[in-house]
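> The structure follows.
Derivation of every value follows stated rules applied to the coordinates shown; laboratory data play no part. Please read all numbers here as calculations on a predicted model, not as lab measurements. Backbone-built Cβ (ideal geometry, glycine too); neighbour counts: all protein chains shown.
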Amino acid sequence: MTTDTPIFEVLPRDLSAYRRGNTGIDYVHRFESGKPGPHVLINALTHGNEICGMVAATHLLDEGVRPLIGTLTVSFANVAAYESFDRARPFDSRMLVHNLNRVWSDELLGGTGDSPELRRARELRPIVTAADHILDIHSTSQDVEPFWVYPAFDRNASVALAIGRPPIHLVMPNGLGSGTPVIQHGRHGLRDSNAGAAVVVECGGHFRQASADLAVQVTLDFLGYYGLIERSLECGSQPQHRYELLRTVVIQTREFRFTRPLKGFETFKAGDLIAVDGSEEIRAPEDCTILMPASKIEPGREALYIARVI
C-alpha cells in the first residue's frame, strides 16, 4: 500500500435525479445546438470513486450549459461502482469487477464476458463512438500534481497544450499496455484517423476540493476550445512538462512491494530497483519518473507507470 488516509473534502452525492437522460441510456444527456459543429463528450465516473468528474458533469447539467454550436453529451459512466462508495473503504468503489477504463477493445466488447462494467461499456459504446472529441475526467489515489494522459497524436497534444492546465502531460506512444481505455476506443485509437481529440485529465486526489474545481475548469476550457461555449483560454503560457510512457507495470503476485513509499513523480536512476514482484525485480530501464503508483496491491492491476522526460 502506498496511499495515506485520504482527506475528504468532496464526497458522493445522490445522482438519481440525473438517471433519466434523453438518449435512451441511463445517466447520459445530449444537447444539440442545431448548428454545425463538433460533437463533444464529457465523460465522468469511469471509475466510481473519482468524484471530481461527477462534480464537473453535474455542474454542466445544473447550470444548464448548452452548446452554441455542435453537440454536447454528458455521461456518468460507472454509476453502479459510484453507488457502492463506503467512506471506510474509499478506494474499493473504483470498480465492481472490471476496470471500466481497460475494456474498450472490440474483442472484449464483442465477446461473451460479463460483468457490470462490461455491460455498461456495451451500453455506452455508441455514445463514445459518436463523439468527435472526448474529455474523460479522472483523479488519483495520491494527492499529486494533476496531469493529462493521451495517445501521442498531434490532435490530442494540440488541445491539451492550448488549454495549458494542468501543465503536465503523460504521452503514450504505444498505448497504455494494460488494456484499452475509453480514449483509445475505435477510431480514437488510430493514428491515421480523422477522429478528433480524446484525452484524460487526472485532476489530483480523489476527494479534494481542488480536484473538483480543476475538473470544472478544464471541462469548460475543453468546451470553449471547440467553440461550444464562450470561454477564453488564459493558461496556455504556463510552462508545460511532458513525459513519455515507457512501460506500464502490472502486478503479478500479492507479494508485490515497492522498495520505498511512492506517491508519484519520484525519479529513479537507470538500474535502480523500484519494486519486487515475487521473484521479479522491476528496475528503472533508464533515468525515469514514476507516475500513478498502486494504492492497492492486487494482481492484475497496474502497479505504476514508468516514464521519461520528453
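> Pick from Gln209, Gln184: which is surrounded by fewer than 24 Cβ atoms within 10 Å (Cβ to Cβ), polar (S, T, N, Q), touching an Asp or Glu at 6+ places or on another chain (Cβ under 7 Å) and in contact (Cβ under 8 Å) with a residue 60 or more places away in the chain? It would help to see each step written out before you state the result.
Values: Gln184 fails: touching an Asp or Glu at 6+ places or on another chain (Cβ under 7 Å).
On inspection, the qualifying residue turns out to be Gln209.
> What strands (runs of 3 or more DSSP E) completely inside the range 203-308 contain at least 2 residues that are over 22 Å from Pro151 (Cβ atoms)?
Numbers: elements: 241-250, 273-277, 280-283, 288-291.
The qualifying strands (runs of 3 or more DSSP E) are 273-277, 280-283.
> Somewhere in the range 258-272, is a residue among the small types (Gly, Ala, Ser), touching a residue at least 12 places away in the same chain (Cβ under 8 Å), surrounded by 14 or more Cβ atoms within 10 Å (Cβ to Cβ) and closer than 16 Å to His138 by Cβ? Step through it out loud before you land on a result.
Residues of the range 258-272 that are among the small types (Gly, Ala, Ser), as a first pass: 264, 270-271.
From what's left, touching a residue at least 12 places away in the same chain (Cβ under 8 Å): 264, 270-271.
Now narrow it down to the ones that are surrounded by 14 or more Cβ atoms within 10 Å (Cβ to Cβ): 264.
Filter once more, so that each one left must be closer than 16 Å to His138 by Cβ: 264.
Taking every residue of the range 258-272 in turn, at least one turns out to be among the small types (Gly, Ala, Ser), touching a residue at least 12 places away in the same chain (Cβ under 8 Å), surrounded by 14 or more Cβ atoms within 10 Å (Cβ to Cβ) and closer than 16 Å to His138 by Cβ.
Results for (1) closer than 30 Å to Asp62 by Cβ; (2) under 17 Å from the mean Cα position of the chain (by Cα), shown as yes or no for each residue.
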| position | (1), (2) |
| --- | --- |
| Ala162 | yes, no |
| Asp192 | no, no |
| Ala215 | yes, yes |
| Thr219 | yes, yes |
| Pro239 | no, no |
| Glu255 | no, no |
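> Inside the range 49-128, counting only helices (runs of 4 or more DSSP H) that do not spill past its ends, which hold 3 or more residues that are buried (at least 23 other Cβ atoms within 10 Å of the Cβ)?
By residue number, 51-62.
> Would you check which residues across the range 54-76 are in contact (Cβ under 8 Å) with a residue 60 or more places away in the chain and aliphatic (A, V, I, L, M) and list them? Let's see the steps before the verdict.
Within the range 54-76, the subset in contact (Cβ under 8 Å) with a residue 60 or more places away in the chain is 55-57, 59-60, 65, 67-70, 72, 76.
Val55, Ala56, Ala57, Leu60, Val65, Leu68, Ile69, Leu72, listed by residue number.
> Given the condition surrounded by fewer than 18 Cβ atoms within 10 Å (Cβ to Cβ) and assigned to a helix (DSSP H, G or I), answer yes or no: does some residue in the range 135-148 qualify?
No - not one qualifying residue is present in the range 135-148.
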